[in-house]
1. What number of residues in the stretch 52-88 are touching a strand residue (DSSP E or B) at 6+ places or on another chain (Cβ under 6 Å) and among the polar types (S, T, N, Q)?
2. Specify which of the listed residues (Leu243, Leu232) is touching a Pro at 6+ places or on another chain (Cβ under 7 Å) and over 21 Å from Ala113 (Cβ atoms).
3. Mind listing whichever residues of the stretch 291-305 are farther than 17 Å from Met210 by Cβ and surrounded by fewer than 16 Cβ atoms within 10 Å (Cβ to Cβ)?
4. Please work out if Val251 is part of a loop (DSSP other than H, G, I, E, B), β-branched (Val, Ile, Thr) and free of Cβ contacts under 8 Å to residues at least 24 places away in the same chain.
5. Which of the residues that make up the stretch 13-64 are over 24 Å from Arg143 (Cβ atoms) and in a helix (DSSP H, G or I)?
6. Looking at Gln270 and the list (1) crowded, with 18+ Cβ neighbours inside 10 Å; (2) free of Cβ contacts under 8 Å to residues at least 40 places away in the same chain; (3) under 19 Å from Cys110 (Cβ atoms), which single condition is not satisfied?
7. Assigned to a helix (DSSP H, G or I), over 17 Å from the mean Cα position of the chain (by Cα) and small (Gly, Ala, Ser) - does that describe any residue in the stretch 175-193?
Amino acid sequence: MTAIRKILVLGATGDQGLPLLDRLLAEGFHPTAGVRRPDALKDTRFASIPTAPADIDDEESLVQAFRGQDALAMHLPFEFNRERAAGFGQRIATAARRAGLGKIVFNTSCYVADHDLDLSAHDGRRDIERYIAESGVPYVVVRPVVFMDNIIRIWSKPSIVRNSVFAYPADDSLKISWICLEDVAAYMTCALARDDLKADKVLVGGREAMVGAEVAERLSDAAGRTIRFQSLSPDAYASQMSLLVTGSAKVEPHGMYDRMAQFYRWYNAQPVSPLVVDMDAALAKLPITPTPMAEWAKRQDWNSV
């Protein structure tokens, strides 16, 4: 059994953090949530989990949060200012080294290539990875592709429930190895438990690489009615996101929603989908059986938003 038991979790209170807390507890780890607000977990089922003040803009707060912990597990907010994202990585890596952490497990929360793409949020993720690798602290970077849970977010699920349309900014031919957040948490927890993984980057997804119409078939089976796929242009996707959040469909060039759409513009433009994962390679390092889309879909409520 690994000597790593006490885990400081950055991002514990978000959609990706809560499944990670569940998995860590189930596997016998002892998580502490690194938070800006002491009451951040107050109204969740994890109210009894200890917290520690931690601010990714403040290296000293990170050092104090990391001290006494065995490892760090984290995902970070998307930052479209590459320099600021790099600052996150530099402060976290330096603090981890100063505090004597035994391992860092970083969930990139998105596909990350092995070279810059001239996409600020993506390239900032690569900078964070680089600082982690240069820290001297053993690490595993878990690189998931696209989350199944995107399908049940406010920008996607209402159309499925009300109109039986699964609309997504993927070309009709773009194959994606969709992965659910519970599986990402399982891969992260497995990475913490594996003492032999010390300088690894692992691309993870599901076993099935599917185009949108195939996803719609799984959703139809789960919902008990026909759901069709609608390929949105990334620009239309950005406009809808802006409308939902700001009340305006106008997308400013190089603004946040335009930069979010850039990811899918790039994915859709590639001759071979970068979102198809060789899971044999992933499972050799992190032997967790991925959840099939059909199984995940049956766990969701497709009758209410």
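1. 2
2. The match here is Leu232.
3. Looking only at the stretch 291-305, we keep the residues that are farther than 17 Å from Met210 by Cβ, and these are 299, 301-305.
Answer for the stretch 291-305, where residues must be farther than 17 Å from Met210 by Cβ and surrounded by fewer than 16 Cβ atoms within 10 Å (Cβ to Cβ): Arg299, Asp301, Asn303, Ser304, Val305.
4. Numbers: part of a loop (DSSP other than H, G, I, E, B): yes; β-branched (Val, Ile, Thr): yes; free of Cβ contacts under 8 Å to residues at least 24 places away in the same chain: yes.
It is true that Val251 is part of a loop (DSSP other than H, G, I, E, B), β-branched (Val, Ile, Thr) and free of Cβ contacts under 8 Å to residues at least 24 places away in the same chain.
5. We begin by selecting, within the stretch 13-64, every residue over 24 Å from Arg143 (Cβ atoms); these are 25, 28, 30, 32, 35-53, 55, 57-61, 63-64.
Within the stretch 13-64, Leu25, Glu59, Glu60, Ser61, Val63, Gln64 meet the criteria.
6. Every listed condition holds for Gln270 apart from (1).
7. Taking the stretch 175-193 and keeping what is assigned to a helix (DSSP H, G or I), we get 181-193.
After this cut, where a residue has to be over 17 Å from the mean Cα position of the chain (by Cα) as well, the list is 193.
Subsequent filtering for residues that are small (Gly, Ala, Ser) retains 193.
Looking through the stretch 175-193, at least one residue is assigned to a helix (DSSP H, G or I), over 17 Å from the mean Cα position of the chain (by Cα) and small (Gly, Ala, Ser).
Let's see how each residue does on (1) surrounded by fewer than 18 Cβ atoms within 10 Å (Cβ to Cβ); (2) touching a helix residue (DSSP H, G or I) at 6+ places or on another chain (Cβ under 6 Å):
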{"residue": "Lys42", "(1), (2)": "yes, no"}
{"residue": "Arg45", "(1), (2)": "yes, no"}
{"residue": "Asp55", "(1), (2)": "yes, yes"}
{"residue": "Asp58", "(1), (2)": "yes, no"}
{"residue": "Ser61", "(1), (2)": "no, no"}
{"residue": "Arg67", "(1), (2)": "yes, yes"}
{"residue": "Ala71", "(1), (2)": "no, yes"}
{"residue": "His75", "(1), (2)": "no, no"}
{"residue": "Arg82", "(1), (2)": "no, yes"}
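The values are calculated or read from the model by the stated rules, or taken from the named source; none is laboratory data. Note that this is a predicted model, so its numbers are computed, not measured. Reconstructed Cβ throughout: ideal geometry from the backbone, glycine too, with neighbour counts over all protein chains shown.
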